[in-house]
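A.B. asks: Have a look at this one before I ask anything.
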Amino acid sequence: MSDITLAEQFFDAAIDLLRRARERQAARIAEGAALLADTITAGGRLFVHGAGHSALPAQDLVYRAGGLAVVNPLPVPGTTGVDTMPATLGSALERVGGLASAVLDSSPAAAGDLLVVISLSGRNALPVEMAAHARSLGLTVIGVTSVAYAAETASRHPSGTFLADHCDLVIDSGVPVGDATLTAAGIGAPFAPASTVVTCALLQALVAEAAGRLAAGGTEPPLLRSANVDGGTEWNERVIAEHADRILWHR
């Protein structure tokens, strides 16, 4: 019997995925950071979309201490978490065509802006159409997904395509199909999902690199501070005022 607990096994699995992401996606993170920095420097706005549990890393980028103030959520009602009742409705809505286009056409997103679309599988209609329609409107699209799904599953979009087929840049999380990282005797289903850990890390690495590129180019990164440290609220008020035209979550 192994002396390694299941908790330790999960940490090992997550660390391995993070290590591989760091090594294999370094060039793409650098490219994505350049896209973010160039968009900010040019006066463009940043948006992020994720549905289901992919909404968690999307939300982690918005109004975040240490994060870029100019990242705005682009949610599709009913798909942004498990607060929809029944929770399975959110999964069903991800497969409905036309929602992404309706949301984008009703949003302020426009040519010159950048959209990050997060979907672990990238196979449902929502992320596919979100990326495709955004590009048709002139937005730059970065997709964060597990490209393994394209080889091991079928697309649920009529075109047969995946999120990765409609992006200017794809960052591969490398998370295994099904998300879960562990199996064990007596436990019928795989368990211990790691997509949130890995995707959040990839996105924060992207933001960190973008901040460095902005500073190197002579532009102060529009970063937020924690409101729970002295001076944080005042700092944030200044940043929000300076970038009010691009911070839509504050309106």
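The values are calculated or read from the model by the stated rules, or taken from the named source; none is laboratory data. Here the structure is a predicted model, which is why all the values come from computation and not from measurement. Virtual Cβ from ideal backbone geometry, glycine too; neighbours counted across all protein chains shown. Surface accessibility is based on the protein's heavy atoms, side chains included, excluding ligands, DNA and RNA. Shrake-Rupley method; radii C 1.70, N 1.55, O 1.52, S 1.80 Å.
A.B. asks: Confirm whether Arg22 is assigned to a loop (DSSP other than H, G, I, E, B), within 30 Å of Gly218 (Cβ to Cβ) and open to solvent by 20 Å² or more (accessible area, probe 1.4 Å).
C.D. replies: no
A.B. asks: Step by step: first the residues of region 60-86, then only those that are among the polar types (S, T, N, Q) and out of contact with any Phe, Trp or Tyr (no Cβ under 8 Å at 6 or more places or on another chain), then the one that is nearest to Gly44 (Cα to Cα). Which residue is that?
C.D. replies: Only one residue fits best here, namely Thr80.
A.B. asks: So, Asp3, is that one without any contact (Cβ under 8 Å) to a residue 12 or more places away in the chain and closer than 22 Å to His133 by Cα or not?
C.D. replies: no
A.B. asks: Would you mention how many residues in region 175-187 are within 23 Å of Gly32 (Cβ to Cβ) and either open to solvent by less than 40 Å² (accessible area, probe 1.4 Å) or of a type in the set (Val, Ile, Thr) (or both)?
C.D. replies: Going through region 175-187 one residue at a time, the tally reaches 2.
A.B. asks: Could you list, in sequence order, the residues of region 145-159 that are out of contact with any helix residue (DSSP H, G or I) (no Cβ under 6 Å at 6 or more places or on another chain) and open to solvent by less than 50 Å² (accessible area, probe 1.4 Å)?
C.D. replies: Ser146, Ala148, Tyr149, Thr153, Ser155
A.B. asks: Any residue in region 230-251 that's open to solvent by 30 Å² or more (accessible area, probe 1.4 Å): show its pairings with residues that are part of a helix (DSSP H, G or I) at Cβ separation under 7 Å, as long as the two are six or more apart or on different chains.
C.D. replies: His250/Ile240
A.B. asks: Additional query: Could you tell me whether Ile142 is β-branched (Val, Ile, Thr) and within 30 Å of Thr5 (Cβ to Cβ)?
C.D. replies: So Ile142 fails the test.
A.B. asks: Taking region 41-69 only, how many residues are buried (at least 24 other Cβ atoms within 10 Å of the Cβ) and part of a helix (DSSP H, G or I)?
C.D. replies: Qualifying residue count for the region: 3.
A.B. asks: Quick check on this structure: which one of Ala69, Ala65, Ala109, Ala100 is in contact with a strand residue (DSSP E or B) (Cβ under 6 Å, 6 or more places away or on another chain) and in contact (Cβ under 8 Å) with a residue 24 or more places away in the chain?
C.D. replies: Result: Ala109 is the single residue among Ala69, Ala65, Ala109, Ala100 that is in contact with a strand residue (DSSP E or B) (Cβ under 6 Å, 6 or more places away or on another chain) and in contact (Cβ under 8 Å) with a residue 24 or more places away in the chain.
A.B. asks: Inspect all residues belonging to region 52-64 and state whether any of them is out of contact with any Lys or Arg (no Cβ under 7 Å at 6 or more places or on another chain), within 13 Å of Ala211 (Cα to Cα) and not aliphatic (A, V, I, L, M).
C.D. replies: no
A.B. asks: Quick one: in region 163-174, which of the residues that are over 14 Å from Leu17 (Cα atoms) and touching a Leu at 6+ places or on another chain (Cβ under 9 Å) is least open to solvent (accessible area, probe 1.4 Å)? Walk me through it before giving the result.
C.D. replies: Applying the first criterion (over 14 Å from Leu17 (Cα atoms)) to region 163-174 yields 163-170.
From the residues that got through so far, the ones that are touching a Leu at 6+ places or on another chain (Cβ under 9 Å) too are 168-170.
Working: Asp168: 74, Leu169: 5, Val170: 22 Å².
For region 163-174, the residue satisfying everything is Leu169.
A.B. asks: For the subset of region 7-19 comprising residues that are more than 19 Å from the chain's Cα centre (by Cα) and of a type in the set (Gly, Ala, Ser), which member is least open to solvent (accessible area, probe 1.4 Å)?
C.D. replies: Among those residues, the one meeting the criterion is Ala13.
A.B. asks: Examine region 200-214 for a residue that is modelled with pLDDT of 95 or more and either assigned to a strand (DSSP E or B) or over 28 Å from Arg28 (Cα atoms) (or both), and state whether such a residue exists.
C.D. replies: no
A.B. asks: So, in region 130-144, exactly how many residues are under 16 Å from Val76 (Cα atoms) and buried (at least 24 other Cβ atoms within 10 Å of the Cβ)?
C.D. replies: The qualifying residues number 3.
A.B. asks: Restricting region 188-215 to residues that are closer than 25 Å to Val70 by Cα and touching a His at 6+ places or on another chain (Cβ under 9 Å), which is least open to solvent (accessible area, probe 1.4 Å)?
C.D. replies: Ser195
A.B. asks: For Val117, state whether it is open to solvent by 10 Å² or more (accessible area, probe 1.4 Å) and not in a loop (DSSP other than H, G, I, E, B).
C.D. replies: no
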